[in-house]
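One structure is given below, encoded as structure tokens.
The values are calculated or read from the model by the stated rules, or taken from the named source; none is laboratory data. The shown structure was predicted, so the numbers you read here are calculated from the model rather than taken from an experiment. Backbone-built Cβ (ideal geometry, glycine too); neighbour counts: all protein chains shown.
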Amino acid sequence: MDILFLGIVIFLFLLAVVDLSVGVSNDAVNFLSSAIGSRAASFKRVMIVASIGVFIGAALSNGMMDIARHGIFQPENLSFYDVIAIFMAVMVTDIILLDLFNSLGMPTSTTVSMVFELLGATFVVALFKISAPESTLAIGDLLNTEKALSVIIGIFLSVAIAFVFGTLVQFLARLIFTFEYKSRMKWKVGLFGGVACTAIIYFMLIKGIKDLTFMTPELKEWISSNTLLILGSSLAGFTLLMQLLHYLKVNVLKVVVLLGTFSLAMAFAGNDLVNFVGVPLTSLASYQDYAANGGGDLHGFIMSSLNGPASTPLYFLVGAGGIMVVSLATSRKARQVTQTTVGLSAQSQNDEMFGSSRLGRALVRHSINAITRVKEHTPARLKAWIARRLDTRVQEPEEGAAFDLVRGSVNLMLAGMLIAWGTTLKLPLSTTFVTFMVAMGTSLADRAWGRESAVFRITGVISVIGGWFITAGVAFIGSGIVVCLMHLGGVPVMIAGGLIAVVLLVRSHVRFNRKKKEAQSDVLFQTILATENQAEVWPLLLLYINEKQKMFLSFGEETYGMVIDGFRDDNVKLLSRSEKALATEKDVLKGQRRKLTLCLRRATPATAIEKSTWFHLSNNMAMSMTYNLRRINEVCKEHVDNNFRPLPDRFKSYLTEMRDRVTALFAESRSAIDDNNPEMIDDLRRRCDLLKQDITVHTRKVYDFLQNGETDNMTVTYVYLNVLQESQELVTSLRKMLRAAGKLNLEPAHYRSFSQVSRKG
């Protein structure tokens, strides 16, 4: 049995390696988003700077594991088996939870997840202990709720403080530098760089390096006694240095951003490392104590030894640092999580991935009303001055950047200052929450949340904040359920839980890579958004529209064939598969419409006006055909799923013929758009008319059959009629889509001579 538990401890270390990788992928947003969003350096250089910070922070961390050892539970009242079950449940839940957030591209907090997993698992174990007949323990004897309360308070404080300060500081910085900051540097940049670097150094002293190995008690005391002297000297020294660098043609703002990235990366690794390695190392310490003194009594040996302090051996810290660096450099999910923050704070409109919400719309409406009232009571000269200073039309971001270096510098400077300030006041401010909300506040001050994007941005922020609270809830409940199963099922359930976590993780990575490949095909959309020359937008957009149309036509061809075959052959599996595909396609089309609209706005006004009618017609017809297919599938699936009479043989031959003709129209329409062939489009539209007429004739025959036929087949015949009518509407929508495609691909001068059919249609 002892060997078995040693195996569990080893397995916990393997899970810790996975947890390190997953956790770094999510927390990378803390220190990467500002540098990547502002293009302070190439992605490779940013990753090198961050990796150095992460490795130094990890290797020099003192690795104190108080949270895992006795921060949440009271080890003097828990047995060795209880502790191992708690740790196993925590690791399994943490891996699954963090990977889920990474896959969704949502930043969350490793501290929140770890604390609430320990809390949930300990709470369930405490219930087992208290419910025992001989027990005299109370909940307070087993569980420390103060830590959880401090984390919850930390969420609220971090969100409110970071957002408000981010908005105010960025507003002042923008009034000083304006969006034409490159021509307004001169002497200002030295002072700004000095203040920013001093703030970053202050953050490193208070938060970043306070727990590193070389920080002796004497050194900490000296820093505490001479804080003002250090800050004053840093301000003077960095101001002179930054001004000198400016004279030497060095971009001071890039230096500030990279220094801030390094400091946040180091602080993250130094302080949050124990969130990942604390549990397996504490489990190892527990096993060693049990093996030496336990006497084989799993449930009777009490873990009082965990009340004492313990630090992580250096080789563990170096190894963890190496794993974190490799994960940071190779993780695609880290980039996706970073993209969420960058996208929500981008100066220009982007793919608003979160859509709209009722709460977001209400907040925007009330905010607009409040701003309007403020403007009414603001002097006209002051309004004019602020408008000139905040004129977004003269922006000077780096090429391809989501926002400029002024905002990137403020993000990092302010995040560091707030975290350091919170630490000195013993306020539990989370690094994740502060960095994210500062970025949101600065983007609001920079007018990035325009009226046409504010709803989407606010919905995104609400989603992320909600995700933090969901993290706490899911972590608590999930680890509680897992530890309950492990407590009842014993060691086999522990091992099974770990294996299931690994399997789910592998499955998640496979799915993520598949989605990533699909997303890479959308590179043209990003190219269009990054194009500054309006004249170049329409040719690129036309390629994009044609590509999306062809993808939809391929989908329509496949799905229509699947639905018809499912109904004809009485195959409910085909109909179920098409039902799922149609539900997904509806969301895909909505997302594509939003993207295409954003792109059309970037074209020249003349082109946008000329093409908008056909652009919207094409999108509307795609959605209309999707609804046609859903209505066909819904009725057919209900019929087949209920095991009603199958379609009579007398109708099957025509149904097959109609399927072949419709799918052929879809396939040839795709070729016509691909070849940009107006004559072929005309021919296809004529064939659509002929098919519609043919379906009408056949429908009349079916009506005659209903009037004179057998009553036993009435139900299936009505379903068949629905298929015919919706197929007719489907062909009508395809005909209109072809017309729109032809008009989109022609110059305006050729509109009237497009075709004989077009003039009639």
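A quick yes/no check of all residues on (1) part of a helix (DSSP H, G or I); (2) at pLDDT below 80; (3) buried (at least 24 other Cβ atoms within 10 Å of the Cβ):
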{"residue": "ALA16", "(1), (2), (3)": "yes, yes, yes"}
{"residue": "ALA41", "(1), (2), (3)": "no, no, no"}
{"residue": "PHE55", "(1), (2), (3)": "yes, no, no"}
{"residue": "ILE86", "(1), (2), (3)": "yes, no, yes"}
{"residue": "ASP94", "(1), (2), (3)": "yes, no, yes"}
{"residue": "LEU100", "(1), (2), (3)": "yes, yes, no"}
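Of all residues in the stretch 579-606, those being among the β-branched types (Val, Ile, Thr) and at pLDDT below 85 number 1.
Test LYS129 against the criterion of being outside any helix (DSSP H, G or I) and either over 21 Å from SER109 (Cα atoms) or not assigned by TED's automatic domain parsing to the domain that holds VAL256 (or both), and give yes or no.
It is false that LYS129 is outside any helix (DSSP H, G or I) and either over 21 Å from SER109 (Cα atoms) or not assigned by TED's automatic domain parsing to the domain that holds VAL256 (or both).
Among the residues of the stretch 521-532, the ones that are under 15 Å from ARG601 (Cβ atoms) and at pLDDT 75 or above come to 3 in all.
Restricting attention to the stretch 444-462, the residues that are closer than 16 Å to LEU104 by Cα and at pLDDT below 80 total 1. For beta carbons closer than 9 Å, sequence separation of 6+ or different chains, a first residue in the stretch 158-172 that is under 19 Å from ALA196 (Cα atoms) and free of Cβ contacts under 8 Å to residues at least 40 places away in the same chain and a second that is buried (at least 20 other Cβ atoms within 10 Å of the Cβ) and not hydroxyl-bearing (Ser, Thr, Tyr), the qualifying pairs are LEU172/ALA445. Could we say that VAL374 is surrounded by 14 or more Cβ atoms within 10 Å (Cβ to Cβ), part of a helix (DSSP H, G or I), modelled with pLDDT of 70 or more and not hydroxyl-bearing (Ser, Thr, Tyr) here? No; evaluated as a whole, the condition is false for this residue. Exactly one residue out of THR198, THR282 is closer than 24 Å to GLY57 by Cα and either outside any helix (DSSP H, G or I) or at pLDDT 85 or above (or both): that is THR198. The single condition among (1) touching a residue at least 24 places away in the same chain (Cβ under 8 Å); (2) of a type in the set (Gly, Ala, Ser); (3) surrounded by fewer than 17 Cβ atoms within 10 Å (Cβ to Cβ) that SER653 does not meet is (1). Inclusion of PHE469 among residues that are surrounded by 15 or more Cβ atoms within 10 Å (Cβ to Cβ) and either at pLDDT below 85 or farther than 25 Å from SER21 by Cβ (or both) is not warranted. Residues in the stretch 715-734 that are more than 18 Å from ARG659 (Cβ to Cβ) and either touching a Lys or Arg at 6+ places or on another chain (Cβ under 8 Å) or exposed (fewer than 12 other Cβ atoms within 10 Å of the Cβ) (or both): THR715 alone.
In the stretch 156-187, of all residues being among the polar types (S, T, N, Q) and over 29 Å from TYR247 (Cα atoms), the one that is nearest to the chain's Cα centre (by Cα) corresponds to SER158. Here is a list: GLY473, GLY450, GLY466. Which entry is among the small types (Gly, Ala, Ser), outside any helix (DSSP H, G or I) and closer than 26 Å to PHE433 by Cβ? Just one listed residue meets the conditions, GLY450.
Taking the criterion of being within 19 Å of ALA265 (Cα to Cα) and modelled with pLDDT under 70, the residues of the stretch 301-340 that qualify are SER331, ARG332, LYS333, ALA334, ARG335, GLN336, VAL337, THR338, GLN339, THR340. Condition (residue is polar (S, T, N, Q) and over 19 Å from ASN745 (Cβ atoms)) applied to the stretch 547-554: is it met by at least one residue? There is no residue in the stretch 547-554 that is polar (S, T, N, Q) and over 19 Å from ASN745 (Cβ atoms).
Selection within the stretch 545-561: residues that are in contact with a Leu (Cβ under 9 Å, 6 or more places away or on another chain) and surrounded by fewer than 21 Cβ atoms within 10 Å (Cβ to Cβ). The member of this set that is nearest to ARG630 (Cα to Cα) is GLU557. Look at (1) within 21 Å of LEU259 (Cα to Cα); (2) outside any helix (DSSP H, G or I) and you find that GLY166 fails only one, number (2).
Summed over the stretch 526-544, residues that are of a type in the set (S, T, N, Q) and either surrounded by 16 or more Cβ atoms within 10 Å (Cβ to Cβ) or within 28 Å of the chain's Cα centre (by Cα) (or both) total 3.
Per-residue answers, yes or no, for (1) buried (at least 20 other Cβ atoms within 10 Å of the Cβ); (2) hydrophobic (A, V, I, L, M, F, W, C); (3) part of a loop (DSSP other than H, G, I, E, B):
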site	(1), (2), (3)
ALA581	no, yes, no
THR584	no, no, no
GLY591	no, no, no
ALA608	no, yes, no
SER612	no, no, no
MET621	yes, yes, no
LEU629	yes, yes, no
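Consider the stretch 670-700 and keep the residues that are at pLDDT below 90 and loosely packed, with under 13 Cβ neighbours inside 10 Å. The one that is nearest to the chain's Cα centre (by Cα) is ASP675.
Comparison of ILE161, ILE130 shows that the only residue that is over 25 Å from PHE436 (Cα atoms) and modelled with pLDDT of 75 or more is ILE130.
VAL493: in contact with a His (Cβ under 9 Å, 6 or more places away or on another chain), at pLDDT below 90 and either assigned to a helix (DSSP H, G or I) or outside the structural domain of ILE96 (by TED's automatic domain parsing) (or both), yes or no?
So VAL493 fits the description; yes.
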